[in-house]
Amino acid sequence: MNIKINHLSKVIKGVTVLDDINLELTSGKIYGLRGKNGSGKTMLMRLLCGLILPSKGSIEIDGEVMGKDISFPRSVGALIENPSFLMEYSGFENLRILASIKGEIDDQQISNTLSAVGLDPNDKRHYRKYSLGMKQRLGIACAVMESPELIILDEPINALDEKGVELVKHIMLALRDKDALIVVACHDAEELEYLSDEVFNLAEGKLQYGKAPI
Amino acid sequence: MRNNKFMRLFHYDMIIGFRQNWLKLLAGLFLLIFICGVTMVYLGENHGGVMYLADILKGAQEYIAAGSSEFTLPVVWLILHLYILFIVCTFPMNDLKGFGKNILLFCADRKKWWYSKCLWIVTTVTGFILVLWIVMLALSGLSGNGFLGKVAGADELLGLNINTHNIAYMFLLPLVVLIALGLVQSLLSLVTNPVLGYMASIVLLCASVYWKTPWLIGNYSMLLRLSPFTHGGIPVWSGLILCSIVGVVCWLGGAVVIKKHDIIN
């Protein structure tokens, strides 16, 4: 997968949240996004997964322009801000409903993904009774369960304990090794630098060029 | 494969739409039983179910502003219509702001998502109208007068000409009007928000009561305004055409809007 972001800008209610972003991302790498609150990290991630459309510029994924040729990347998993799930279903049921849309993975694969993020697939508790950390783990499971080519994770280690952070790191590195393109935003600069092959800084909607190599 | 994805989306909408609205649907069922029961008591027990339904769906005579004439809203008719529109008002947009975002990413097709929601509206409205008829059928059966009963007295009692030929319109017209209004309100909800979408439905229905005109679609849901039931009424065919046009425009218009819609909480 190859993503080209060309002169991308996003204006929301008269406010420029992203300004002339140019980037090229390729498979088999983890890209870190760093920036203060309101710097535009989440907006850039929303644009990458197709939930919002650029005001100017374009995002090309393998030669197809988002919002023109395709509405969403053909293979994407995302955790953006707080995970949204159905309160009255268990984690497994939530993932099964989502997996039923494409019908590409079976119950066993869903169970495996839940186990991989440290959740019990047989836990019958409703999502509303999940702790913050469990909700976060389910969000990550949702993003990675179909082994998408593009994975977008906004603050994936929020609310996770040490063991959870290690699990997530392990999952991300394993997916990268399977040639996935991962974009991750994280407030923890150390973790971000450890995980990412390249780190980009965003400030007031602008990309600070001059990457921080690892 | 493409159709399969749409059917899976629709299956999701039917299951989750039902589960998230079960309280509204249950309350709606009690409301229907209440309305049918009150109508039976009000009209007396010597009539068939069709007569009671006609009373519920008759709406209001044309309002002519003159001297001492007062404008009154047909409360039962209005409550029934607004309740059905209330049921289908919030689910599409709530879904889009919540779990539906995940669904969209997994189905990767904005248009299909919208079409599925439109079909959910059509199915829910149709189901609710069917339930109204079933409740009335059951109650009139229990009262021992049957469904058709005596329809000859409808002219005197309700000011309506009811016969076996035009009973189908009693089902069809409110159905197409409510489907069209449901789609209008959903499109407005997408462009603005569900509250404004619902308010537009209220305004459209109230304006339809006030003005007898073929251009306000609420008129086609009032039997007292329709040509098969009353002398000088609006022709049914114009209602069917207008509601179809409104429905199709909203269905297709929504597909254009959703394509450019930013999905942000």
Tell me, yes or no, whether segment B:224-247 has at least one residue that is surrounded by fewer than 14 Cβ atoms within 10 Å (Cβ to Cβ), over 30 Å from B:SER140 (Cβ atoms) and among the aliphatic types (A, V, I, L, M). yes
Do we find a residue being within 14 Å of chain A (Cβ to nearest Cβ) and under 30 Å from A:MET66 (Cα atoms) anywhere in segment B:116-132? yes
So which residues in segment A:59-81 are more than 9 Å from chain B (Cβ to nearest Cβ) and more than 19 Å from A:ALA185 (Cα to Cα)? A:GLU60, A:ILE61, A:ASP62, A:GLY63, A:GLU64, A:VAL65, A:MET66, A:LYS68, A:ASP69
Failed item in (1) under 16 Å from B:GLY182 (Cβ atoms); (2) modelled with pLDDT of 95 or more; (3) of a type outside the set (Lys, Arg), with B:ASN94 passing the rest: (2)
Across (1) more than 19 Å from the chain's Cα centre (by Cα); (2) without any contact (Cβ under 8 Å) to a residue 12 or more places away in the chain; (3) closer than 21 Å to A:VAL168 by Cβ; (4) within 14 Å of chain B (Cβ to nearest Cβ), A:ILE105 clears everything bar (2)
Return only the number of the condition from (1) more than 14 Å from chain A (Cβ to nearest Cβ); (2) more than 21 Å from B:ALA60 (Cα to Cα); (3) touching a Cys at 6+ places or on another chain (Cβ under 7 Å) that B:TRP113 does not satisfy. (1)
Here is a check on your reading of the model: is A:ILE3 at pLDDT 95 or above and either over 23 Å from B:LEU96 (Cβ atoms) or aliphatic (A, V, I, L, M) (or both)? yes
At pLDDT 90 or above, away from chain A (no Cβ under 14 Å) and over 29 Å from B:TRP211 (Cα atoms): which single residue out of B:LEU78, B:LEU25 fits that description? B:LEU25
Just give me the residues in segment B:81-95 being over 25 Å from B:VAL209 (Cβ atoms) and either within 14 Å of another protein chain (Cβ to nearest Cβ) or surrounded by fewer than 21 Cβ atoms within 10 Å (Cβ to Cβ) (or both), in sequence order. B:PHE91, B:MET93, B:ASN94, B:ASP95
Segment B:39-78, subset of a type in the set (A, V, I, L, M) and loosely packed, with under 14 Cβ neighbours inside 10 Å, residue nearest to the chain's Cα centre (by Cα): B:VAL75
Kindly establish whether A:LEU150 is crowded, with 22+ Cβ neighbours inside 10 Å and in contact (Cβ under 8 Å) with a residue 60 or more places away in the chain. yes
So in segment A:108-150, with the set limited to residues that are of a type in the set (Asp, Glu) and under 20 Å from A:LEU48 (Cβ atoms), which one is nearest to the other protein chains (Cβ to nearest Cβ)? A:GLU146
In segment B:96-214, which helices (runs of 4 or more DSSP H) lie fully inside it and hold 1 or more residues that are acidic (Asp, Glu) and surrounded by fewer than 19 Cβ atoms within 10 Å (Cβ to Cβ)? B:154-158
Restrict the check to segment A:82-100 and report whether at least one residue is among the aromatic types (Phe, Trp, Tyr), within 11 Å of chain B (Cβ to nearest Cβ) and closer than 28 Å to A:GLY118 by Cα. yes
Please give the number of the condition B:CYS243 fails out of (1) of a type outside the set (D, E, K, R); (2) within 30 Å of A:LYS68 (Cα to Cα); (3) in contact (Cβ under 8 Å) with a residue 60 or more places away in the chain. (2)
Looking at segment A:176-190, can you tell me whether even one residue there is more than 22 Å from A:ALA159 (Cα to Cα) and part of a helix (DSSP H, G or I)? yes
Qualifying positions in segment A:17-50 - closer than 19 Å to A:GLU146 by Cα and touching a Phe, Trp or Tyr at 6+ places or on another chain (Cβ under 8 Å): A:CYS49, A:GLY50
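The values are calculated or read from the model by the stated rules, or taken from the named source; none is laboratory data. In this text the structure is predicted, and so the values were computed from the model without any measurement. Positions of Cβ are backbone-derived with ideal geometry, glycine not excepted, and every protein chain shown enters the neighbour counts.
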